[in-house]
Amino acid sequence: MNLTKHGVWIGRSITEAEYGEAARLAQDLGFGTLWLGGSPRLLTLRPMLEATENLVIATGIVNIWQYEPAVLAQEFAELDADFPGRLLLGIGIGHPEATSEYQKPLTKSREFLDGIAAAANPVPRERMVLAALGPKMLDLSFERALGAHPYFVPVEHTRFARERLGAQALIAPEIAVAVDDDSERAVAAARAYADMYLQRINYTSNLKRFGWTDEDIANGGSDRLIDAVVPQGSAAELVAAVQAHLDAGADHVCVQTVGVEGVPTAAWTALAAALGLK
């Protein structure tokens, strides 16, 4: 699959009615992949695939607590039959605060992947990525899938993932950015986005692996931490943040524009121009 180096990531800020519009815009601007967050049901991706010809559509991520593996595999097979080679299945365990049934992430993930492999229509290894932060989950992402789709990570994590997994694994981090020339407004948008993730133990534990402290994480995050995980500025200024992940070893970087409701036409257009995609 040709994800290209640059993709865009969208979550619950757009509605299903806007999926086709968003996909067409991403393709027209030159992005190679559109990632849909919010643990989507797989068949809801059909309008994105129908609206485009060569854009890869990826899930970032399907939460494994919300699917039976055989059902997920069957739905993937249905879409892949109609749109061959254009769907990348990102799956993940979510975070402990999201479910009362939370088990050990590695064990549950292995069991889910075993279920996919045993399905009537198993998803090929090279068509899956795992939401991976810690070392063991990163290892699993390459043992059982194409590689890793880390979320809410500083560039140091991308460098660590590449060093741990070697040259063959796909490393495709998400990076959230606030595209705004007004610095006060941009910082406010970055902080509003980061607030929830700084209250989730899987993300905060990961940040601590790379030297961030409880003081950095407390009270909505230190300025230094916010700048590292949700950079802000003009599209031209944010190119450096995207490139930093590529320089650290990422194969593909998917950019999420925060503080925007609906299809982020202006932000994506500015980023595509700054990245030289068109």
Being touching a Lys or Arg at 6+ places or on another chain (Cβ under 6 Å), within 30 Å of residue 260 (Cα to Cα) and touching a residue at least 40 places away in the same chain (Cβ under 8 Å) is the requirement here; does residue 171 meet it? yes
Determine if region 136-154 includes at least one residue that is over 17 Å from residue 70 (Cα atoms), in contact (Cβ under 8 Å) with a residue 60 or more places away in the chain, in a helix (DSSP H, G or I) and not polar (S, T, N, Q). no
Which count do you get for residues in region 70-84 that are touching a residue at least 40 places away in the same chain (Cβ under 8 Å) and among the acidic types (Asp, Glu)? 1
Can we say residue 192 is out of contact with any Lys or Arg (no Cβ under 9 Å at 6 or more places or on another chain), closer than 23 Å to residue 38 by Cβ and surrounded by fewer than 16 Cβ atoms within 10 Å (Cβ to Cβ)? yes
Of all residues in region 43-71 being among the acidic types (Asp, Glu) and farther than 18 Å from residue 16 by Cβ, which is surrounded by the most Cβ atoms within 10 Å (Cβ to Cβ)? 68
Any chance residue 142 is more than 25 Å from residue 10 (Cβ to Cβ) and of a type in the set (Phe, Trp, Tyr): yes
In region 216-266, which residues are more than 22 Å from residue 13 (Cβ to Cβ) and not in a helix (DSSP H, G or I)? 218, 219, 222, 248, 249, 250, 251
Filter region 60-112 down to the residues that are modelled with pLDDT of 95 or more and of a type in the set (D, E, K, R), then identify the one that is nearest to the chain's Cα centre (by Cα). 86
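Inspect region 72-79 for any residue being surrounded by fewer than 18 Cβ atoms within 10 Å (Cβ to Cβ) and of a type in the set (A, V, I, L, M) and give the result as yes or no.
We begin by selecting, within region 72-79, every residue surrounded by fewer than 18 Cβ atoms within 10 Å (Cβ to Cβ); these are 74, 77-78.
In the following step, the residues that additionally are of a type in the set (A, V, I, L, M) were identified as 77.
Scanning region 72-79 turns up at least one residue that is surrounded by fewer than 18 Cβ atoms within 10 Å (Cβ to Cβ) and of a type in the set (A, V, I, L, M).
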Criterion violated by residue 239 - all others in (1) surrounded by fewer than 22 Cβ atoms within 10 Å (Cβ to Cβ); (2) touching a strand residue (DSSP E or B) at 6+ places or on another chain (Cβ under 9 Å); (3) of a type in the set (A, V, I, L, M) satisfied: (2)
With the structure loaded, tell me whether residue 31 is over 30 Å from residue 278 (Cα atoms), crowded, with 21+ Cβ neighbours inside 10 Å and either of a type outside the set (Lys, Arg) or touching a Gly at 6+ places or on another chain (Cβ under 6 Å) (or both) or whether it fails that test. no
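The values are calculated or read from the model by the stated rules, or taken from the named source; none is laboratory data. Predicted, not measured: the structure shown is a model, and the values here were computed from it. Every residue, glycine as well, gets a Cβ built from its backbone with ideal geometry; the counts of neighbours run over all protein chains shown.
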